[in-house]
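The values are calculated or read from the model by the stated rules, or taken from the named source; none is laboratory data. Just so it is clear, the model here is predicted, and its values are computed rather than measured. Every residue, glycine among them, receives a Cβ derived from its backbone with ideal geometry; neighbour counts consider all protein chains shown. SASA here: full protein model, heavy atoms, side chains in, ligands and nucleic acids out. Shrake-Rupley method; radii C 1.70, N 1.55, O 1.52, S 1.80 Å.
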Amino acid sequence: MIVLNFSHPLTTSQRAAIETIKGYPIAQLIDIPCQFDNAAEFGPQIRTIVDAIDIDQWEGRRILIVPPGLAPAAAVLLAEFHGRLGHFPEIVRIRPNHNAPEPYEVAEIINLQQVREKARKTRNGVYNG
């Protein structure tokens, strides 16, 4: 599994939590620094960031994304990946953990493609599944 991290660097315990949830090791962790210019459109900024990643070499491999914390940037990033991959990637949801030594923990891994497929079954407000 390849983890593309568009957020803060993952801690050892966060990496271990991802591996535990997924049931297999992280083969490659790539930290991709992101600074967004709020005065400019996010589409071109995200496209430039993703263009710098050699996605083609990973065809057929499991890709997991830690999205940026800025919600509009995360949404554009996921749309960009959907367009390039033909499906939504899985994402890591990080949440605050006020009662632990580390302030943030892995909350869950969300399979966005499954979310989309379930949502398609409820088109027109009726579940068809």
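Take the residues in segment 16-48 that are touching a strand residue (DSSP E or B) at 6+ places or on another chain (Cβ under 8 Å) and crowded, with 17+ Cβ neighbours inside 10 Å, then tell me which one is nearest to R84 (Cα to Cα).
Of the residues in segment 16-48, the ones touching a strand residue (DSSP E or B) at 6+ places or on another chain (Cβ under 8 Å) are 17-18, 21-22, 26-32.
If we keep only those that are crowded, with 17+ Cβ neighbours inside 10 Å too, we end up with 17-18.
On the way: A17: 28, I18: 24 Å.
Checking each candidate, the answer is I18.
What do you reckon, is I110 touching a residue at least 60 places away in the same chain (Cβ under 8 Å) and either open to solvent by 80 Å² or more (accessible area, probe 1.4 Å) or of a type in the set (A, V, I, L, M) (or both)?
Details: touching a residue at least 60 places away in the same chain (Cβ under 8 Å): no; either open to solvent by 80 Å² or more (accessible area, probe 1.4 Å) or of a type in the set (A, V, I, L, M) (or both): yes.
Spelling it out, it is not the case that I110 is touching a residue at least 60 places away in the same chain (Cβ under 8 Å) and either open to solvent by 80 Å² or more (accessible area, probe 1.4 Å) or of a type in the set (A, V, I, L, M) (or both).
For segment 1-15, give me each residue that is in contact (Cβ under 8 Å) with a residue 40 or more places away in the chain, open to solvent by 20 Å² or more (accessible area, probe 1.4 Å) and touching an Asp or Glu at 6+ places or on another chain (Cβ under 8 Å).
T11, S13
Here is a check on your reading of the model: is A73 of a type in the set (G, A, S), crowded, with 16+ Cβ neighbours inside 10 Å and in contact with a Phe, Trp or Tyr (Cβ under 7 Å, 6 or more places away or on another chain)? Outline the logic, then answer.
Details: of a type in the set (G, A, S): yes; crowded, with 16+ Cβ neighbours inside 10 Å: yes; in contact with a Phe, Trp or Tyr (Cβ under 7 Å, 6 or more places away or on another chain): yes.
In short, yes.
Checking the structure you have, find out if any residue of segment 52-70 is among the small types (G, A, S) and under 15 Å from the mean Cα position of the chain (by Cα). Even if it seems obvious, please write down each step before you answer.
Filtering segment 52-70 for residues among the small types (G, A, S) gives 52, 60, 69.
Now narrow it down to the ones that are under 15 Å from the mean Cα position of the chain (by Cα): 69.
Within segment 52-70, one or more residues are among the small types (G, A, S) and under 15 Å from the mean Cα position of the chain (by Cα).
What about F81, is it crowded, with 16+ Cβ neighbours inside 10 Å and in contact with a His (Cβ under 9 Å, 6 or more places away or on another chain)? Let's see the steps before the verdict.
Details: crowded, with 16+ Cβ neighbours inside 10 Å: yes; in contact with a His (Cβ under 9 Å, 6 or more places away or on another chain): yes.
Spelling it out, F81 is indeed crowded, with 16+ Cβ neighbours inside 10 Å and in contact with a His (Cβ under 9 Å, 6 or more places away or on another chain).
Can you find, within segment 15-59, the residue that is farthest from G69 (Cα to Cα) among those that are small (G, A, S) and part of a loop (DSSP other than H, G, I, E, B)?
Of the residues in segment 15-59, the ones small (G, A, S) are 16-17, 23, 27, 39-40, 43, 52.
Checking which are part of a loop (DSSP other than H, G, I, E, B) leaves us with 23, 27, 39-40, 52.
Details: G23: 25, A27: 24, A39: 18, A40: 18, A52: 20 Å.
Per the stated criteria, the residue is G23.
Looking at (1) at pLDDT below 90; (2) among the charged types (D, E, K, R); (3) within 20 Å of L10 (Cβ to Cβ), which is the only condition D56 fails?
Failed condition: (3).
Looking only at residues in segment 78-124 that are in a loop (DSSP other than H, G, I, E, B) and under 22 Å from T12 (Cβ atoms), which one is modelled with the lowest pLDDT?
We begin by selecting, within segment 78-124, every residue in a loop (DSSP other than H, G, I, E, B); these are 86-89, 97-103, 121-122.
After this cut, where a residue has to be under 22 Å from T12 (Cβ atoms) as well, the list is 97-103.
Values: N97: 90, H98: 86, N99: 81, A100: 75, P101: 81, E102: 85, P103: 90.
Within segment 78-124, the match that is modelled with the lowest pLDDT is A100.
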